[in-house]
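Readers should treat all values here as calculations from the given coordinates under stated rules, not as data from a laboratory. Quantities reported herein were computed from a predicted structural model and do not represent experimental measurements.
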Amino acid sequence: MGYYVTTPIYYVNAEPHLGHAYTTIATDVLARHMRQRGEEVFFLTGTDEHGEPVAQAAERLGTTPRELADLNSPRFRNLVARVNATADFFIRTSDAEHEDGVRRVVQGLYDSGHIYAGTYEGWYCPRCADFKTEGELIDGNRCAIHKIVLVREKEDNYFFRLSAFQEPLERLYAERPAFVVPQHRYNEALSFIRQGLTDVSMSRASLTWGVPVPWDERQVIYVWIDALLNYYTALSYARPGQDLESRFWPPTVQVMAKDILKFHAVIWPALLMAAELEVPERLLIHGYLLMDEEKMSKSLGNVIDPFQVIDMYGTDALRYYLLREVTLGQDGSVSPEGFETRYASELANEYGNLASRSLAMIAKYRDGEVPSAEAGAELIADFDGLADRVRERFDALDLTGALDDVWQLVRRLNRYVQEQAPWALAKDPAEAKRLDSVLCGLAEGLRVVSVLLYPFMPDTVARLMAALGRPDSNELALERARFDPTPSGHTIAELPQLFPRVERPLASPAA
């Protein structure tokens, strides 16, 4: 069975921002790491194009929902490329193949009695495209996420019998305590289930922008039912002539922000149970990126432009910062100042300077040949078990912890340079063997940490590995991330600065 990893699909009601980049980068780090293990990976992302948020945004702009989707979907596809994410397929919910798949699944649910006609009356948030319970509101009738006042709506809809899956969902959570990560999100989802589930609308009568209900084309399928099914429908047409369901279903890990927990951790598995499909193995729920203690949001206007960051500092710097600064699974503050500090102190000074100094000393003292010597004996114990610890972190979906484990060894190598002072050893011919060992240890340590950093900073690592004389992609396999005390000699190449100084600082966004 392959490794199937997904981002949520992103609304096309506005352009992408840093929050979208964060989710996409985290998912890509997982995908790249699993490919390092030799796993067959399928990585899905895309855009959510139907529903009220898109229709309303199009109306405000004086255009049609289709035109808005056609304008903004390529921007999200471009984001995937700009953050160097290795997505295998980019789905659009306006794809005819997706719409056909949604109709097939929904018709099956209707035929098997999981859908019935009824009347919805209650609170609805057009920006969330979500029917809110009383417990999800603040200040009486205000959306807790978007802070807007909601109005009560009444509409004849078709309903999905979510309440019938109360016990099956509780059983799922009891049997799979790691179904939702981190633990506090698991507890939150289970608490929502235990409060008692009510049936949910699966259609809208007041909208025309969506997938028509197969047996009643006066209504369209509720955007969240449509959107959730993308993870399933994509496998039927992502590769022409191939049905990937048998190789990749169910999803291994689905990555998303906490604001869509209810849909993915409650409604989604219930839908799959009703359709007699396997539920995902795990859901990884990350927190919000905060600026000035507020969620970064298009509607609130407090966003950092990921494209501006990439243009000035490079893609890998952004990838590193987001997973280093904010523990994946928690809310965390980000800022231009915080980014610049990490860039200068960690990327440029600790990793970039380590690489530059090490290669420069090998070039100067050993004519560019990594000595064939016993690599720094003092480093062997430090590196022992590192790859296994990183593997365990990834198995636990602790990407930030994995990055921290590796960075501790980056700092250890910097201390090693200071402790051993190769420049002093080079002045004493009697210390030639010792100098060989130190330089060999630095090259080997750099190689190991770089293999483990590859999912986070792929382009930087590729450049460094080539400079170390190891350009072959096979060198990036996880099994190669072991400290070899007697590596064979390699010829190094010149390495330009990995993280050059940026003269013009990143501007703070306007509130």
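Check the chain and count each lysine pair with an alpha-carbon distance under 27 angstrom, considering only pairs eight or more places apart or from different chains.
Lysine pair count for the chain: 17.
Please give the helix 18-36 orientation as an angle from the longest Cα principal axis of the chain, in degrees from 0 to 90, rounded to the nearest 10.
Taking Cα atoms only, the helix is inclined about 60 degrees.
Out of these labelled values of Cα extents along the principal axes in Å, [x] 75, 69, 49; [y] 90, 50, 43; [z] 89, 47, 42, which was calculated from the coordinates shown here?
Checked against the structure: label [z].
Write down the radius of gyration of the stretch 352-418 and its Dmax, each obtained from C-alpha positions, in Å.
14.5, 44
Is it possible to state the helix-based mean residue ellipticity at 222 nm for the chain, with each DSSP H run of 4+ residues giving -39500 (n - 2.57), the sum divided by total residues, to the nearest 500 deg cm²/dmol? What is it? Display every interim value, and only then the final one.
Details: 20 runs with 221 residues, N = 511.
Value at 222 nm, helices only, nearest 500: -13000 deg cm²/dmol.
Between the stretch 161-179 and the stretch 25-81, how far is it from one alpha carbon centroid to the other, in angstrom?
29 Å
Remind me, relative contact order of the chain in percent, using alpha carbon pairs under 8 angstrom and six or more residues apart?
Rounded, it is 16 percent for the chain.
Would you calculate the convex hull of the Cα atoms in the stretch 335-480 and tell me its volume per residue in Å³?
Numbers: hull volume 16.5 nm³, N = 146.
So the per-residue hull volume is 113 Å³.
Report the Rg/Rh value for the stretch 1-120, based on alpha-carbon coordinates and the Kirkwood definition of Rh.
Working: Rg = 16.9 Å, Rh = 16.1 Å.
We get a ratio of 1.05 for the stretch 1-120.
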